[in-house]
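Here's the structure, in structure tokens; my notes come after.
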Amino acid sequence: MLMTSQVSFLINKKHEKNDEKTLKMKIENLSVYYRNFRAIEMVNLPIYAQSITAIIGPSGCGKSTLLRALNRMNDLVPGARTEGQVFLDGMPIYVPNVDVVEIRRRIGMVFQRPNPFPKSIYDNVAYGPRLLGIHSRAKLDEIVERSLLAAALWDEVNDKLDQSGLSLSGGQQQRLCIARAIAIQPEVILMDEPASALDPIATLKIEELMGALKKAYTIVIVTHNMQQAARVSDYTAMMMLSDQAERSGTVIEFGETEQIFLNPKDKRTEDYVTGRFG
Amino acid sequence: MNLALQKSELPAPRIGVIRRLWDHGDGSYRFFLVVASLLLIGLVMAIGYELWQNSALSRHAFGWKFLTTSDWDPAIENKFGALPFILGTLMTSILALIVAIPLSIGTAIFLAELAPDWLRQPLGFLVELLAAVPSVIYGLWGLFVFIPVFVRPAAQFLNREFGFLPLFAGPIFGPSRFAAGILLAIMVFPTIAAVSRDVLRAIPNSQREAALAMGATQWEMISQILLPYGGSGLLGAIILGLGRALGETIAVTMVIGNNLDLSISLLHPGYTMASVIANEFTEATSDLYLQALIEIGLILFAITLVINFIARLLIWRLARQTKGEAHL
């Protein structure tokens, strides 16, 4: 049953994807440990430019850990340790002399729960540009408008930019967070289940937004929702626990989204995307 | 399992609202809470009323001039004015805050954000321990160690370099408003630091992650996101410290010199409202003398109330800006 609805999405989906695959990021033999616990093990994954890559899989298989490894957010977790390498435009990011702040400027992130700052809508979006040293009011006005337009929020908030970002609804807050992320024009945007806390209408808006954003950005999204992965993504990586005893997650299959959903090579992927898992 | 049997063992449902409320404990519990909070309000009002009533003689004799005159002559002229004490209390408390705020907020940031795990617990424990040291011990230490070792050399330096300012005019004494202010800073520092640390720890991690994911450095994240976010809570911590500084009696009495000095020099000995009450209530033989002391208590009470009221107002305004998020 689930299968048929997904197939209809895929058939209707426009093929906007760039046929020439440009490699934006590359994950090589990546393992992440939290103290002695190995959360993900030997992940290899390409991230193609100007496309949406979805990471799917059951709870607790390390999807978020993998995503957070891409902009070194795992550094913030006490006891976290990373082996292997991640490349951004061919440059390794897990090397001692890399500027982590610069990495995070180039790779933005949108979190599971909307987390606007308790500041005005304007100041939320202007936060990143101000960090970069932009203080001219005219320039900031322009960036704020452009980012809110790109996040499909401008029409709803242009008359109340001085109100608190927290006064918005959940879906609007999440789009505000997207506007905040794209205000500094990152090259890659990481999204950690960006719609899981939202209602279906807000979810749809976020998904439409992703489709629009991929023309300019490379997007990696973690999602629990398989229809969502099928609807929005160009590529899909299927994660699963590789070893039941150790409970480490790894990518068991990667491919174009159509292939993963219509013609999975791995039996476990097939079971999962058809809803027979567990 | 025999479900029917189990059900029959339960008491039969009873109808009757009042009965149920009491049975469930809600009613009695609510009654207890209401009585406790009414008692608290009553206590504050009773203290204010007593201070007001028992200072009637002094209030009628001196009126508002009590606040602005500096005579304190119980022996011959029987005239009283509270200005030196008000000045002493305000000067020492403000000096204490100026010194303590950067130190304690800095310590709180270190404890909450920067300290490695192995250091966080012991250091936090030490800070809380400092807050629990009885003030008479601070006074003793201040008099016999702090004044000779730190206050005198520091006062000499300040007088030499900045003596042209009335604030640092000589001559230099050991016990002084300066000594009292710095000692108060040391005493309120752990209070402000411990509460501020808890305020910072209570800020959700998502705020830190949001800032860092934008490419903020750790310092930018702390100064631009965490401190504004915790603003109302940090202000509350500072007010808690100020309350302690205003009311602190014994330690201040031991190091301030207890002198009716009318200059505004920090380096001169002074007197505070709390210490004059503590020092003189036993020797207040005439009614007017005693009532003048009680009126000083009334002023201290009023100042504390006003400062707390202003602080509430500020916290309320800050909290409205961070609506729905920071309820600290």
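The values are calculated or read from the model by the stated rules, or taken from the named source; none is laboratory data. Note that the structure is predicted; figures quoted are calculated from it, not measured. Because the Cβ atoms are built from the backbone with ideal geometry, glycine has one as well, and the counts that use them run over all protein chains shown. Accessible surface is based on the protein model in full, side chains and every heavy atom, while ligands, DNA and RNA are left aside. Shrake-Rupley method; radii C 1.70, N 1.55, O 1.52, S 1.80 Å.
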Please give the number of the condition B:Asn159 fails out of (1) within 27 Å of the chain's Cα centre (by Cα); (2) open to solvent by less than 60 Å² (accessible area, probe 1.4 Å); (3) more than 13 Å from every other protein chain (Cβ to nearest Cβ).
(1)
B:Leu87 vs. criteria assigned to a helix (DSSP H, G or I), at pLDDT 90 or above and open to solvent by 50 Å² or more (accessible area, probe 1.4 Å)
yes
Within region B:105-155, the residues that are surrounded by fewer than 19 Cβ atoms within 10 Å (Cβ to Cβ) and within 14 Å of chain A (Cβ to nearest Cβ) are B:Glu113, B:Leu114, B:Ala115, B:Pro116, B:Asp117, B:Trp118, B:Leu119, B:Arg120, B:Gln121
Would it be correct to say that A:Ile107 is away from chain B (no Cβ under 14 Å), buried (at least 20 other Cβ atoms within 10 Å of the Cβ) and of a type outside the set (S, T, N, Q)?
no
Inspect region B:95-109 for any residue being closer than 19 Å to B:Ala278 by Cα and either in the same structural domain as B:Ala179 (by TED's automatic domain parsing) or outside any loop (DSSP other than H, G, I, E, B) (or both) and give the result as yes or no.
no
Could you say whether any residue in region A:237-260 is open to solvent by 30 Å² or more (accessible area, probe 1.4 Å) and part of a helix (DSSP H, G or I)?
yes
Subset tally (residues that are open to solvent by 30 Å² or more (accessible area, probe 1.4 Å) and either among the aliphatic types (A, V, I, L, M) or at pLDDT 90 or above (or both)) for region A:266-275
0
So, of the residues in region B:170-228 that are crowded, with 24+ Cβ neighbours inside 10 Å and of a type in the set (Lys, Arg), which turns out to be nearest to the other protein chains (Cβ to nearest Cβ)?
B:Arg197
Inspect all residues belonging to region A:47-63 and state whether any of them is within 14 Å of another protein chain (Cβ to nearest Cβ) and either surrounded by 22 or more Cβ atoms within 10 Å (Cβ to Cβ) or on the phi < 0 side of the Ramachandran plot (or both).
no
So which residues in region A:76-97 are within 14 Å of chain B (Cβ to nearest Cβ) and surrounded by fewer than 14 Cβ atoms within 10 Å (Cβ to Cβ)?
A:Pro78, A:Gly79
Consider only pairs whose beta carbons are under 6 Å apart and that are at least six residues apart or on different chains; among these, list those whose first residue lies in region B:274-287 and is not assigned by TED's automatic domain parsing to the domain that holds B:Val255 and whose second residue is open to solvent by 20 Å² or more (accessible area, probe 1.4 Å) and at pLDDT 85 or above.
none
Please determine, by comparing only the residues of region A:110-121 that are surrounded by 18 or more Cβ atoms within 10 Å (Cβ to Cβ) and more than 20 Å from A:Lys160 (Cα to Cα), which one is nearest to the other protein chains (Cβ to nearest Cβ).
A:Phe111
Some residue of region A:61-84 being within 30 Å of A:Gly275 (Cβ to Cβ), modelled with pLDDT under 90 and part of a loop (DSSP other than H, G, I, E, B)
yes
List pairs: first in region B:51-74 and in a helix (DSSP H, G or I), second open to solvent by 70 Å² or more (accessible area, probe 1.4 Å), Cβ under 7 Å, 6+ apart or cross-chain?
B:Leu57/B:Asp287
